[in-house]
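These notes concern the structure reproduced below.
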Amino acid sequence: MRGYVDIVKELLQVSSDSIELLSKHGENILHVAAKYGKDNVVDFVLKKKGVENLINEKDKGGNTPLHLATRHAHPKVVNYLTWDERVDVNLANNEQWSIQLHFTRNIFISTTQTLIWTALKSTGARPAGNSKVPPKPPKSPNTDQYKDRVNTLLLVSTLVATVTFAAGFTMPGGYNSSDPSAGMAIFLMRNLFHMFVICNTIAMYTSILAAIIFIWAQLGDLNLMDTAFRFALPLLGLALYAMSFGFMAGVSLVVSNLHWLAIVVFIIGIICLFSLSVPFLLLFLPTKSTNRILRHISYYPFLILVWASESPEIKQED
């Protein structure tokens, strides 16, 4: 991908005015780069001085570079453009088709389009008020694939609840059998035991909540399914995270007399939990909030999701 930027640099060295050239469709360099997803070229042009007239320039169809990046589903390009304060995200093309309208006409969108939608919403993009585009009747969705996802996640939630419920009555180290502490956990006063109990309790209740939400999602209403995914997935992620933390605490506790083994278990657990933090945070981020602090927090999670959603060919090209 870097080669495209080098070619542009060579052309500009030969003729600095070439950056103003238009194609037969009235597209400038930003239009073409945005249309074909050349994010490095877009980033390079945006950083150059004196390109303000190119950023919101319209082609013969009235499309800005952001219109084309959105229509051709290039989330990384959209991300670069929406972070540039000179870009007007609310311009409409000749059909009064705003950038956001591209998504309001499509009920079911892919991960790539969801990322674009998130980038646009976080900048405050609004649909055009007088669209000449006739309303598109929604397609009858096939809910079977969504029900399969719900059923799979419901099964996972149920398994987590089952495992953590069982762990709540098979405490590490067992129970006292003599008075005055008969029936009480042997490791009751140990800090690692406290950590185990707290994490196990969090995992059980959050997995039960997730399971209940997924049961409601089985009613077949797609709006209900969408809401279920938004609320239940973070709960299920928290349950898995807490269960992993509880496992680490429990195993470290029962081998605590052999210090080197307890340390190894703890280190492995910390490394794995840190690794789990990335996919766990991606259940919450990036956010559609227009708050600038939240946008900065979401910046790298957004890029991670863009990378994950790209095809192997694109990754290899980069």
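Can you tell me the length gained on complete extension of the stretch K47 to R86, counting 0.36 nm per residue apart and subtracting the Cα distance?
Details: separation 39, 0.36 × 39 = 14.04 nm, distance 1.16 nm.
Between K47 and R86, full extension yields 12.9 nm more.
Just report the Cα centroid separation between the stretch 1-69 and the stretch 214-293, whole Å.
Value for the Cα centre distance between the two parts: 42 Å.
Per 0.36 nm of contour for each residue apart, how much would the distance between H259 and F169 grow if the chain were fully extended, relative to their Cα-Cα spacing?
Values: separation 90, 0.36 × 90 = 32.40 nm, distance 2.63 nm.
Length gained between H259 and F169: 29.8 nm.
What length, rounded to one decimal in nm, is gained on full extension from T227 through to Q13, with 0.36 nm per residue of separation minus their alpha-carbon distance?
Details: separation 214, 0.36 × 214 = 77.04 nm, distance 5.28 nm.
Stretched out fully, the T227 to Q13 stretch lengthens by 71.8 nm.
So which of K24/K288; K9/K288; K9/K60 end up more than 31 Å apart, counting from Cα to Cα? Could the numbers behind the result be given before it?
Details: K24/K288 36 Å; K9/K288 35 Å; K9/K60 26 Å.
Among K24/K288; K9/K288; K9/K60, the Cα-Cα distance tops 31 Å for K24/K288; K9/K288.
On the principal axes of its Cα set, how long, how wide and how thick is the stretch 18-95? Give whole Å, largest value first.
Taking max minus min along each principal axis of the Cα atoms, the stretch 18-95 gives 29, 27, 21 Å.
For a bin width of 5 Å, list the pair-distance distribution of the stretch 144-284 built from all Cα-Cα distances, rounded to whole %.
Answer for the stretch 144-284: a P(r) of 2, 11, 17, 17, 16, 13, 10, 7, 5, 3, 1, 0 percent.
Read-outs: derived from the displayed coordinates by stated rules, not from any lab. A quick note: this is a predicted structure, and the numbers were derived from the prediction, not measured.
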